[in-house]
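Scroll down for the structure; my scribbles are underneath it.
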Amino acid sequence: MGMAAAAGFAADLTGNWLASQPLNDGTSRRTYLNLRQEGSRISGTIRTSQFYYKITESTGGPDHFTLTGTEEDGKTTRHVLYEGKMVGDELRLTTRRRPDAPLVEMVAHRAPAGEGAMPARLALPSLHKVPYNGLAKTPPMGWNSWNKFASRVDDAGVRQTADAIASNGMKDAGYVYVNIDDTWQGERDAQGNIHANKKFPDMKALADYVHSKGLKIGIYSSPGPNTCAGYEGSYGHEVQDARTYAEWGIDYLKYDWCGARNIYKAEDMQAVYQKMGDALRATGRPILYSLCQYGLDDVWTWGPQVSGNLWRTTGDIRDSWASMSKIGFSQSDLAQWAGPGHWNDPDMLEVGNGGMTDTEYRTHMSLWSMLAAPLLAGNDLSHVTPDIMQILLNRDVIAIDQDPAGHQAKCAWKSGDQEIWVRPLAKGDYAVALFNRATDSAKVTAKWAGLGLKGTPKHARDLWSHQNVKMDGPEYSADVPGHGVVMLRVGR
């Protein structure tokens with residue numbers, strides 16, 4: 001191929017391209033490909049919402065090409081593969097969101113230079129303490145849409161969930177927040193005000209409905225330009241969005257780092273979250289503030305400084321024993337950072353979503369309650385078995401989670417797959433949980449002196465059998481099922 005032909009070849013793909021895919025909620029998913037072709041090499045970037053890939057491998061030209069994009073965020077490396085060809089002045093593209101996902105077809109057209117580029121990094125405020133908002137004196141309890149419904153959440157589903165919580169005993173047990181996670185957002189108007197998409201025709205009316213049931217309502221955003229699912233974030237609109245939430249009557253904000261990671265560094269987090277903390281406070285409305293940034297930058301050391309009421313300590317939970325147990329049993333060292341108004345958050349409950357046994361879900365509920373963790377159910381409350389409701393509504397276990405002293409449990413003894421966790425409670429009682437992480441049942445013995453309890457407890461109650469347990473010696477043994485728990489409340 002001659003030099004003139006090569007130059008013409010390069011001009012065909014070089015440029016900024018936009019593929020816009022309409023979604024059922026009235027929004028669209030935009031993919032930008034900023035390409036430069038030099039001979040047989042294609043370089044540039046690909047941006048799909050919060051994912052920003054650098055092209056690291058390529059083959060071919062206008063008649064047929066492949067692009068491999070790579071993104072690294074310090075902990076995770078992601079890859080995306082596009083295949084396509086040029087037809088007229090369009091790019092016909094195919095890709096997969098994940099290796100096991102169906103093939104996605106899209107058509108890209110030329111876009112103005114610079115459109116779709118990551119916005120410039122905004123200056124951050126100097127650090128200062130945002131006053132405590134007075135909320136969450138015990139860990140918040142409620143429901144969140146993501147684990148079961150993800151992008152399928154809508155107005156009707158939220159109303160149905162509020163109806164269920166108000167009538168099935170959950171509200172009376174303390175579950176009061178009905179939280180809408182990602183994918184509710186629409187576009188901003190000419191003044192920059194955020195609007196909900198077609199799934200939520202009137203957010204204020206929805207909030208009023210939830211409030212009419214004696215419940216509170218929560219919402220979700222990100223400090224980045226986009227949320228995790230690619231919807232509109234609060235970047236550069238923090239004050240405006242906080243004011244909108246207050247006008248709608250929102251009571252809880254989950255603020256997810258996702259889209260901010262391409263603009264800010266981990267060490268910027270405190271200042272970034274401080275901006276929204278200040279914005280929420282300025283509204284004058286009490287809005288509980290949930291920091292969702294996966295435990296990066298030791299958030300527990302500065303979360304209270306930005307008026308955070310809870311902060312994620314881990315990556316996302318999945319509905320499996322492996323995920324739940326890995327997350328839950330890794331929290332002991334963070335106990336010192338939990339207390340009234342400010343809680344470690346090992347992510348939402350998966351109880352009832354079908355990936356674990358009822359025994360494992362009892363362990364899940366017990367461990368989260370020992371951890372003084374937020375109890376945010378995430379199952380379909382219109383189709384729930386009596387056994388799952390008994391787990392979610394166990395008042396004895398919930399009382400441990402909601403104990404006003406606010407101490408988080410620590411692992412006090414461990415031998416192989418068996419562990420004993422202890423949590424001091426108000427008025428001198430203790431919660432003691434005997435866990436068996438093995439698949440087979442095992443005998444677990446609590447030796448009171450070795451757990452820091454001097455003398456034999458005067459009384460004890462098994463919180464799952466709801467039976468009083470006789471204590472008559474320096475130790476107590478129980479047969480604990482595989483992946484199970486025996487949970488006691490003991491008094492001295």
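The values are calculated or read from the model by the stated rules, or taken from the named source; none is laboratory data. Since the structure is predicted, the reported quantities are computational estimates derived from the model, not experimental observations. Cβ sites come from the backbone with ideal geometry, for glycine too, and all protein chains shown count toward neighbours.
Listing for the model above:
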item: Set Asp319, Asp401, Asp345: member being at pLDDT 95 or above and touching a Cys at 6+ places or on another chain (Cβ under 9 Å); result: Asp345
item: Condition broken by Ala260, with the remaining ones in (1) crowded, with 24+ Cβ neighbours inside 10 Å; (2) in contact with a strand residue (DSSP E or B) (Cβ under 6 Å, 6 or more places away or on another chain) satisfied; result: (2)
item: Yes/no for Thr439 being among the hydroxyl-bearing types (Ser, Thr, Tyr) and over 23 Å from Val469 (Cα atoms); result: yes
item: Number of positions in segment 328-345 that are crowded, with 22+ Cβ neighbours inside 10 Å and either without any contact (Cβ under 8 Å) to a residue 40 or more places away in the chain or assigned to a loop (DSSP other than H, G, I, E, B) (or both); result: 2
item: Selection from segment 228-255 of residues that are hydroxyl-bearing (Ser, Thr, Tyr), part of a loop (DSSP other than H, G, I, E, B) and buried (at least 24 other Cβ atoms within 10 Å of the Cβ); result: Tyr231, Ser234
item: Residue within segment 262-274 that is under 28 Å from Leu375 (Cβ atoms), modelled with pLDDT under 95 and either of a type outside the set (S, T, N, Q) or in contact with a Ser or Thr (Cβ under 9 Å, 6 or more places away or on another chain) (or both) present; result: no
item: Residue within segment 441-460 that is within 20 Å of Met365 (Cβ to Cβ), part of a loop (DSSP other than H, G, I, E, B), touching a Gly at 6+ places or on another chain (Cβ under 8 Å) and in contact (Cβ under 8 Å) with a residue 40 or more places away in the chain present; result: yes
item: Filtered residues of segment 301-327 (kept if of a type in the set (Asp, Glu) and crowded, with 17+ Cβ neighbours inside 10 Å); result: Asp319
item: Failed criterion for Asp298 (all others in (1) surrounded by 22 or more Cβ atoms within 10 Å (Cβ to Cβ); (2) of a type outside the set (A, V, I, L, M, F, W, C); (3) part of a helix (DSSP H, G or I) hold); result: (1)
item: Segment 158-185: number of residues that are surrounded by fewer than 18 Cβ atoms within 10 Å (Cβ to Cβ) and under 17 Å from Leu206 (Cβ atoms); result: 3
item: Options Asp462, Asp440: the member that is among the acidic types (Asp, Glu), under 23 Å from Trp321 (Cβ atoms) and surrounded by 13 or more Cβ atoms within 10 Å (Cβ to Cβ); result: Asp462
item: Pairs with Cβ under 7 Å, 6+ apart, first in segment 78-107 and modelled with pLDDT under 90, second outside any loop (DSSP other than H, G, I, E, B); result: Arg78/Phe51; Arg78/Glu71; Arg96/Leu103; Arg96/Val104; Arg97/Val104
item: Flag for Ile219 being under 26 Å from Thr48 (Cβ atoms) and not small (Gly, Ala, Ser); result: yes
item: Subset of segment 465-483 (residues that are exposed (fewer than 12 other Cβ atoms within 10 Å of the Cβ) and more than 35 Å from the chain's Cα centre (by Cα)); result: Gln467, Asn468, Lys470, Asp472, Gly473
item: Test result for Asp472, outside any strand (DSSP E or B), without any contact (Cβ under 8 Å) to a residue 24 or more places away in the chain and farther than 27 Å from Thr313 by Cα; result: yes
item: Members of segment 54-82 that are hydroxyl-bearing (Ser, Thr, Tyr), in contact with a Ser or Thr (Cβ under 6 Å, 6 or more places away or on another chain) and surrounded by 20 or more Cβ atoms within 10 Å (Cβ to Cβ); result: Tyr82
item: Segment 238-256, residues that are acidic (Asp, Glu) and in contact with a Ser or Thr (Cβ under 6 Å, 6 or more places away or on another chain); result: Asp241, Asp256
item: Members of segment 351-370 that are outside any helix (DSSP H, G or I), within 17 Å of the chain's Cα centre (by Cα) and surrounded by 24 or more Cβ atoms within 10 Å (Cβ to Cβ); result: Val351
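Table: residues versus (1) in the same structural domain as Gly218 (by TED's automatic domain parsing); (2) in contact with a Pro (Cβ under 9 Å, 6 or more places away or on another chain); (3) not basic (Lys, Arg).
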site: Tyr245; (1), (2), (3): yes, no, yes
site: Trp248; (1), (2), (3): yes, no, yes
site: Lys254; (1), (2), (3): yes, no, no
site: Trp257; (1), (2), (3): yes, yes, yes
site: Ile263; (1), (2), (3): yes, yes, yes
site: Gln274; (1), (2), (3): yes, yes, yes
